Structure formats: structure tokens, C-alpha cells
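Comments concern the structure below.
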Number of protein chains: 2
Amino acid sequence: MQTSTRDRIVVAAARLLQRQGYVGTGIKQIAQEAQATLGSVYHFFPGGKETVAVAAIRHSTEEFSALLRKALDSEEDPAEAVTACARQLADELRESGWTDGCPVTAAALETLGTDSEIQQACADALRGWEQLVADKLLRCGFPAESARELGTMVICALEGAEVTAQVNRSEEPLLVAGRQLARLVGSYEV
Amino acid sequence: MQTSTRDRIVVAAARLLQRQGYVGTGIKQIAQEAQATLGSVYHFFPGGKETVAVAAIRHSTEEFSALLRKALDSEEDPAEAVTACARQLADELRESGWTDGCPVTAAALETLGTDSEIQQACADALRGWEQLVADKLLRCGFPAESARELGTMVICALEGAEVTAQVNRSEEPLLVAGRQLARLVGSYEV
DNA sequence: CTCTGAATAGAGCGATCGTTTTAGTGAGGG
DNA sequence: CCCTCACTAAAACGATCGCTCTATTCAGAG
């Protein structure tokens, strides 16, 4: 077998969670999409749906981190690097027909009051992405406090812009966010 | 009767949608929360769940618009006005126990690929809020193009910051966004 | 009074939910 | 050879989903 059944389940669950959220995605649908049977899903994830979701979110988190790292490294100047991130998100979103947004937001919002592990996994994801941006700024000579605040701001703005872009079926919000974030980052440069 | 049954249904649906999203909220739950019966819900909303949701989202949209208008008018200086918005959101979010976030985001994300009226209602909401911010900036003498872009950016950043704040159960993302948005707005002033 | 129609009340429909259970398959070690 | 055990397969469970249906209540028009 090319890819293991377990991996196929995680990848399928990740994509479905990204598109339909946690409540909107059924275990049976995950099994079908992964070309696995229900028995296999519960064999690899005895904890049930929530366990599958946590694994899927962690997978998506790592995948998005790689994408973010690549976009940040594609430009020397930090302001241009941030714009490149927005540009990259806009491209992928448009190509997916506006369906593949942030891989964790939908699941996070649905499980907020339920103190499941999902919320923690999403919090870890956001924190990690903020750190990636902050690290880039640190490498560019930004003071620690500014880098940290800007890291948070960049991820928040991209998050919101991606949602807005999806709802409006337009990449403009992401492009605007990219421009304004670049201006903001530039306002710090000495 | 103090409030009409129809209004109680809309208000209850609005709150539930805000907290659990569209898929996670059941018609029977809405009826129960509204102190109405299933028959009443389908009497006032023959279109079913989606019709209720659209009415609820429109209600939430107007409610949030009023809140935004008030926060924007509370400060003369546009940068401080934007910060006041973030501050206001942070206060309400903390007081609700991190459950009452943006009233449309969750529902919007869950119904993206389903071409329902819900998506359009959410798009209208976001557009209206952006316009409120843009209007404030126009009144402060900003050029039309800058006001429009900043309006989009402010709403996107607040949107993302609110989600991040909810997931992390901390108001810090909203406070950071408020500060950075103020800096961004300030960078335009002549 | 009767009649009417809006509004309320809740039983019940088929479908699907997450999960459990039981049976079957097949490669590897004794 | 048989036995083991990780894995696959699918039937079935109770609960809940959105929705339809019928019955009932009740205020106002004639």
C-alpha cells in the first residue's frame, strides 16, 4: 500500500474539517473520503471523532507552518515577506474555489464552549504561527517586544482577511491586509 | 405578552448561532431556548432552519453595527476610536466567558460551499461594518481610497483577533490588534 | 352565539449521527 | 500445519437531526 490507512484518515479528516468544520464533518464521511472503513477509523483512533480531529488539526498545523515558513523566507525584507504570505493565501484560496481557508478556525469556533482537546490544538497552532512571523522579524533586527506584537497582529489580520475573502469570494481582503500589514511593519523600520 | 414569539425565536437563534455555529445549533434547541414550540418556529419560518438562521444573522448584524457605531463615536481621534472598538470587544468577550464572539463568523465558515442565503447575509454584515469604519475615517478627513482600505483592514484584524482571543481565552490578541491598528491609522494622518 | 384563521402544542416521520459489536481476512512465528 | 493478532468489514444500537402532520387553543369578525 502506498500510504498507510492511518495517514489517509488523518489527511482526509484534515481537509474535511477545513471545509465543513467539526460538527459538519461525520466520522462515516471521513472514512469514505479516506477510502477506509468505519472499523479502521475506530481501530486507529479508539478515542473516536475528537481524537481523529485533534490528529487532523495537528497535521494541518504542521502543513500550514511549512507554507508560512516558505513564504516568509521568499523575501528578505520583512514587510515584503508579510505581503508574500497574504499573496500566497489569496492564490491558494482562489484556486480552491474559496473553500480551503484556515485549517483550524472553523473547528475552533465550534468547540469553544466544550473544553475539548480541539481548542487546545487550535491555540497551539495559532501560537506557533505567530512565533514563525515573530522569528522572521527578530532575524531582521526587530526588538523582541515589537516582533512579538507584530507576530500576533499579522496572524490575526491574515486569519480575519481569509475568512472575509472566503465569504465574499474575492481575494481583495487578503491583498488589502497584505498591503496594510506591510505598511505597519515598515513603520517600525529604523 | 411582552416580546413577540417571533422576536424571541430570532434572538435565541442569534445567540445560539454565535456560540455553536449553524450546524451545531438545532431547531428544537432554538425553540426551547426561545420558550416556543417547534410548531411556532415553523409557523413563523416556513422556510425552516436556514430561514431562521438568516433572520438571526441579520438581527445580530444590526446589533453589532450599533455597538460599532457607538465605539467609533466615543472618540474623536480615528486611531483612538479604532482602539476603543477593540477594547469594547475584549470587554464583552471576557465577560461572556469567551463564548460570545463574532455573531456571523462561525455560521459563515460552516456554510461556505453550500450556496445558502446565509453566506450572503454574512457578506453583507462584513461589508456594512467595513463601511462604518470607513465612514468614520472619511469624516476625519481621510482620502476615500485610504478610508476604504483601512475599513477592510480594521474589520479583518478585529475579526481575526476576536477568534484568537476566544481560542486562547485571553483578551491580549484584541488589545494588541487595537494598538497596532491605531498605529496603522496614525501613520496616515497628515 | 358561530365561524375563521392565526398561533400553539406535540407526536411521529425517515434519515443520519457517533459508537459498539461481531465476524472475517490475511500475513508471520511456532 | 495452526495460531495469533493487527486490520478490515459491515450490521446494528440508541439518540438526535430537520421537518411534517394533526389537533387544539383562542381572539376577533359577522
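Of note:
- Cβ-vector label at 7 Å, B:Glu63, separations to other copies in nm: 3.5
- Relative contact order of segment B:5-186, defined on C-alpha pairs under 8 angstrom at six or more residues apart (%): 26 percent
- Averaged over the residues of peptide B:98-107, the number of Cβ atoms from other protein chains lying within 10 Å of each residue's Cβ is 3.
- A:Gln32-A:Ser96 pseudo-label distance in nm [points 7 Å out on the Cα-to-Cβ vector]: 2.1 nm
- Nearest-first distances (nm) between copies at B:Arg169, label 7 Å from Cα via Cβ: 4.0
- Sparsely packed GluC sites (Glu not before Pro) within segment A:1-98, loop by DSSP, other Cβ within 10 Å at most 12: A:Glu76
- In segment A:54-119, the C-alpha radius of gyration followed by the widest Cα-Cα span (Dmax) gives 14.1, 42 angstrom.
- When each of A:Lys49/B:Lys49; A:Lys49/B:Lys70; B:Lys28/B:Lys136; A:Lys28/A:Lys136 is checked by Cα-Cα distance, pairs over 31 Å: A:Lys49/B:Lys70; B:Lys28/B:Lys136; A:Lys28/A:Lys136
- Around A:Ala90: net Lys/Arg minus Asp/Glu count, Cβ-Cβ under 10 Å: -4
- Cubic angstrom per residue, convex hull over Cα atoms of the protein assembly as shown: 142 Å³
- Over segment B:27-105, relative contact order from alpha-carbon pairs under 8 Å, at least 6 apart, %: 20 percent
- Rounded to the nearest 20, the size of the Cβ-charge dipole of chain A about its Cα centre is 520 debye, with Lys and Arg at +1 and Asp and Glu at -1.
- 7 Å along Cα→Cβ, label-point gaps from A:Glu145 to other copies, nm, shortest first: 3.6
- Computed Rg/Rh of segment B:95-166, alpha carbon atoms with Kirkwood Rh: 1.05
- Axis-nearest residue in chain A [Cβ, rotation onto B], distance in whole Å: A:Gly160, 2
- Considering only A:Val104, B:Met153, B:Ala177, the residue lying farthest towards the positive end of the dipole of the protein assembly as shown is A:Val104, judged by Cα position with unit charges set on Cβ.
- Each part reduced to its alpha carbon centroid, segment A:149-177 and segment B:1-52 end up 31 Å apart.
- In summary, segment B:5-186 shows an alpha-carbon radius of gyration equal to 1.08 times the 2.2 N^0.38 Å reference for compact globular proteins.
Just so you know, all these numbers are worked out from the coordinates, no wet-lab data involved. This structure is a prediction, so every number in the text was calculated from the model and none was measured. Neighbour counts run over all protein chains shown; Cβ positions are idealised from the backbone, glycine included.
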